[in-house]
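**Student:** There's a structure below that I have some questions on.
The values are calculated or read from the model by the stated rules, or taken from the named source; none is laboratory data. Everything numeric here is computed off the predicted structure, so don't read it as measured data. Reconstructed Cβ throughout: ideal geometry from the backbone, glycine too, with neighbour counts over all protein chains shown. Surface areas here come from the heavy atoms of the whole protein model, side chains and all, with no ligands, DNA or RNA. Shrake-Rupley method; radii C 1.70, N 1.55, O 1.52, S 1.80 Å.
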Amino acid sequence: MTARGFAAARVVTCDPERGAGLGTVENGAVVFEGGRIAFVGARGDAPDGAALEDLGQRVITPGLVDAHTHACWTGSRHAEYAMRMAGSTYAEMGRAGGGILSTHRAVAAATEDELVEALALRLRRMASLGTTTVEVKSGYGLYATQEKKQLAAIRRAGSRSDTPAVIATLLALHALPFGGLARSEYVSRVARELVPEVASESLARFVDAYVDAGAFTVEEASAVARAARDAGLGVRLHVGQFADVGGAELGAELGAASVDHLEHVSRAGVDALVRSRVLGVLLPVASFTLAQAAPPIAMMRDAGLALAVASDANPGTAPTESLPLAMALAVRSYGLSIAEAILGATRNAAAALQLTDRGVLREGSRADLALWDLPHEAAIVQPWGLPKVHRVFVEGREIF
């Protein structure tokens, strides 16, 4: 197989081995062969014989990694969004039949094939925005059979050759279904039956739980997370979106891959995460939609917490497929630097999914590339409102 690659005015490696910051190579080149990167460096040092295409005044970055999405859904919650814009609260909309349970009904009514098609189309649009790996959660099925249907659809959509790579997560505790089991028995069955079944069928890599006021308690989440660890699955948690109920400390205790949201978190919680090397995943589109204050970014930065940025793509609180939009809001609304936002959607996002083969441009890593029709990496986080990607590759295969 002939090595091929691209030369561009700026190659943003995100490789810590190239020093602090983004590790940008001016007038650089990336060469790949067999789905892996064979060379990254100055254009003049590129290996002889590689078919090198000149991109001119463009930028090359690692393919973006979206580390938190709920992208497998059907239906629409536009009426709920209108209610929110008119002043209704999240709790009020839930009592009116909206929220997670609204999407649960739509997903339950859909066939697996319909879920596959809806997700595949969404993933391809994400690719057009520079994203090459997407974490996708279940969590709208609520009942075991429906959760497994969602996860089966996620696996099928992610196995296609024209979509980004997919990392599946069982969002085991998202909401309580109407009627049926008592709360304690529902949690017990999820831990005792659903989690082991999902693990045995290799339907997910992680298990997640929504730990917050009005959602699930630390004790409930702990039971499910420990079942996940016993079954050989990783743990991720929704933490502190509306209140700090101890989710960060739980994530640290469990050695979770990440805790996500963190609009409300204490210094003690953040310090515990740092000691346990748990990443924080920021979801600025959701807090923008909900008109929430930003998380305590300065405190997190001071503590040394590694931060990722994700889209939170979902039909209610983050109705977007754009990771670049989340990056733009992370800079504008949360106060991240441009470098922090880019690293948060590449290297740190990959780390939040415990992936060591992507998120950086380095010899031996996957040839997941985003070629930007922009003159500088700082332009990526401007709120364009439309794709600014030239081409996108996953393992050396062009998908956009």
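**Student:** If amide hydrogens are placed 1.01 Å from N in the peptide plane, which non-local residues have theirs closer than 5 Å to the one on Ala71?
**Tutor:** Under 5 Å from the amide H of Ala71: Lys137.
**Student:** Between Rg and the Kirkwood Rh of region 261-339, both from Cα atoms, what is the Rg to Rh ratio?
**Tutor:** Looking at region 261-339, the ratio lands at 0.96.
**Student:** Cα atoms only: what Rg and Dmax, in Å, come out for region 138-203?
**Tutor:** Rg, Dmax (Cα atoms, Å): 12.9, 43.
**Student:** For region 299-383, just say rounded, prolate or oblate: build the C-alpha gyration tensor, square-root its eigenvalues into a ≥ b ≥ c, call rounded for a/c under 1.5, and beyond that prolate if a/b exceeds b/c, oblate if not.
**Tutor:** Rounded.
**Student:** Considering the options Thr320, Gln57, Ala330, tell which one lies farthest towards the positive end of the dipole of the chain, charges being +1 on Lys and Arg and -1 on Asp and Glu at the Cβ, about the Cα centre.
**Tutor:** Toward the positive end, the furthest listed residue is Thr320.
**Student:** Arg397 accessible area, nearest 10 Å², 1.4 Å probe?
**Tutor:** Here the accessible area works out near 90 Å².
**Student:** Probe radius 1.4 Å, ligands and nucleic acids left out: which of Met85, Met300 has the largest accessible area, and how do the rest follow?
**Tutor:** Reading off the accessible areas and sorting them downward yields Met85, Met300.
**Student:** Still on this structure, please answer the following. Over region 168-287, average the accessible area per residue using a 1.4 Å probe and give it in Å², no decimals.
**Tutor:** With the other protein chains kept in place, region 168-287 gives 35 Å² per residue.
**Student:** If the viscosity is 0.692 mPa s and the temperature 37 °C, what translational diffusion coefficient in µm²/s does Stokes-Einstein give for region 181-242 when Rh comes from Kirkwood over Cα pairs?
**Tutor:** D, rounded to a whole number, is 280 µm²/s.
**Student:** Here is a follow-up. Taking each pair of distinct Cα atoms in region 71-150 once, what is the resulting Kirkwood hydrodynamic radius in Å?
**Tutor:** 13.8
**Student:** If I take all pairs of Cα atoms in region 169-280, what percentage of them are more than 18 Å from each other?
**Tutor:** That tail contains 44 percent of the Cα-Cα pairs.
**Student:** What is the diffusion coefficient of the chain in µm²/s, taking the Kirkwood radius over Cα pairs and the Stokes-Einstein relation at 10 °C with a viscosity of 1.306 mPa s?
**Tutor:** It comes out at roughly 75 µm²/s.
**Student:** Roughly what % of Cα-Cα distances in region 64-216 sit above 19 Å, to the whole percent?
**Tutor:** Counting every Cα pair in region 64-216, those more than 19 Å apart make up 55 percent.
**Student:** From the alpha carbon gyration tensor of region 253-400, can you work out the equivalent ellipsoid semi-axes (sqrt of 5 times each eigenvalue) and give them in Å, largest to smallest?
**Tutor:** Equivalent-ellipsoid dimensions as semi-axes: 25, 19, 13 Å.
**Student:** Something else about it: To the nearest whole percent, what portion of all C-alpha pairs in region 210-330 is separated by more than 24 angstrom?
**Tutor:** Everything past 24 Å amounts to 23 percent.
**Student:** Here is a further query. Which of Thr132, Leu101, Ala71 sits farthest toward the positive end of the charge dipole of region 30-166, with +1 on the Cβ of Lys and Arg and -1 on the Cβ of Asp and Glu?
**Tutor:** Checked the options; the winner is Leu101.
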